[in-house]
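Below: the structure, in structure tokens.
The values are calculated or read from the model by the stated rules, or taken from the named source; none is laboratory data. Since this is a predicted model, take the numbers as computed values, not measurements. We place every Cβ from the backbone using ideal geometry, glycine too, and count neighbours over all the protein chains shown. Ligands, DNA and RNA are excluded from the accessible area calculation, which covers all protein heavy atoms including side chains. Shrake-Rupley method; radii C 1.70, N 1.55, O 1.52, S 1.80 Å.
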Amino acid sequence: MTISKNSRIFLAGHNGLVGSSILRKLKKKKYKFIITRSKKKLDLKNLNKVNHFFKKEKIDCVILAAAKVGGILANMKFGAEFITENIQIQTNVISCARKYNVKNLIFLGSSCIYPKLAKQPIKEKYLLTGKLEKTNEAYAVAKIAGIKMCENFNTQYKTNFICLMPSNLFGPNDNYNSETSHFLPAIISKLYSAKINNKKEITFWGTGKPKREMTYVDEIADACLFFLNKKTKHTLINIGSGYEKSIKQYVDIVARELKLKIKIRFNNKKLLDGTMRKIVNCELARSYGWRPKYDFKKYLGICVKDYISKYKKYNN
Ligand SMILES: NC(=O)c1ccc[n+]([C@@H]2O[C@H](COP(=O)([O-])OP(=O)(O)OC[C@H]3O[C@@H](n4cnc5c(N)ncnc54)[C@H](OP(=O)(O)O)[C@@H]3O)[C@@H](O)[C@H]2O)c1
């Protein structure tokens, strides 16, 4: 089905980092019927409520950006919740979408679904060819189940459910909680706090050597709208910017952005490094006509300003 400005679009997770960017994009593009529910109003873990919601709302297409998400520490501590809640959310939404004849659905996953030792840049066909990174295995297994669900629904029910796999994302509205945040917001908040407390030295986790691709969140919002309007042969498609640096280099870039001169150390605990390199191959997305377009440094500056403007809120 082709999407029109009058299509009824359910955007799940509209308050989150990714969801809020998609919401801005849908509004900018003047989609008239954007349907959103906070977790408080509609807990997607509750099948009865999700079923009732789909029955009532007559939804044409779904963007599933709701998930239990967190950084390495949260993933290591709360594996039980990461696997259970994500499987519940995605199973309820994907199965109700099928039941109520939603033809187009975008399911968002993450590049951590690929094997820890996958050849880089990672191609979609490397899925399930090796062991996962232990620190986020529970989350990755849940996301893989979602991908396989979409794949099988497409084959059996002729749906058009597409799974987009972004690399690490950053953007305004990120999570800066020190227990649950991803590495870039953690770097921004730690360095800014060091700056305002006049610290002379700061220590980061791990060795600083792992390399990560960073993608601005509006890039994935673009990709969601692009693929919502496409009928694809493939269910699983990578999305990434191609911008790759080591963690240490990201620390240096943020320190420069904050005009901060400080002695930077790493605790050198390899356990906290995670996968040594993670960059996705986007040839498949390109073959459908999608191209990345955002510039890392410009958008990093926007995020740093966003964090500074909300610093008091985060530290109360
Ligand atoms: N952040 C990244 O670096 C990154 C990288 C790659 C892929 N992704 C993918 O992008 C998607 C969104 O991630 P994000 O970073 O935007 O996460 P986020 O900022 O934590 O937002 C998650 C959203 O999910 C909603 N949610 C969580 N549990 C829910 C439930 N039981 N019922 C209803 N809503 C629920 C939350 O709603 P409330 O606000 O109402 O509580 C929140 O708005 C995930 O699938 C993730 O795998 C993220």
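If Gly208 satisfies every condition in (1) open to solvent by 30 Å² or more (accessible area, probe 1.4 Å); (2) out of contact with any Leu (no Cβ under 8 Å at 6 or more places or on another chain); (3) of a type outside the set (Lys, Arg) but one, which is the exception?
Among (1) open to solvent by 30 Å² or more (accessible area, probe 1.4 Å); (2) out of contact with any Leu (no Cβ under 8 Å at 6 or more places or on another chain); (3) of a type outside the set (Lys, Arg), Gly208 violates only (1).
Take the residues of region 36-56 that are part of a loop (DSSP other than H, G, I, E, B) and either out of contact with any helix residue (DSSP H, G or I) (no Cβ under 9 Å at 6 or more places or on another chain) or modelled with pLDDT under 95 (or both): which is farthest from the ligand (Cβ to nearest atom)?
Top of the filtered list is Lys41.
If I go through region 241-284 residue by residue, how many of them are of a type outside the set (Val, Ile, Thr), within 19 Å of the chain's Cα centre (by Cα) and more than 23 Å from Leu127 (Cα to Cα)?
Result for region 241-284: 2.
In region 1-35, how many are open to solvent by 40 Å² or more (accessible area, probe 1.4 Å) and within 12 Å of the ligand (Cβ to nearest atom)?
Residues meeting the conditions: 1.
Please identify the pairs in which a residue from region 1-20 that is in contact (Cβ under 8 Å) with a residue 12 or more places away in the chain and of a type in the set (Lys, Arg) has its Cβ atom under 8 Å from the Cβ atom of a residue that is in a loop (DSSP other than H, G, I, E, B) and open to solvent by 70 Å² or more (accessible area, probe 1.4 Å), counting only partners at least 6 apart or on another chain.
Pairs found: Lys5/Lys29; Lys5/Lys30; Lys5/Lys32; Arg8/Lys58.
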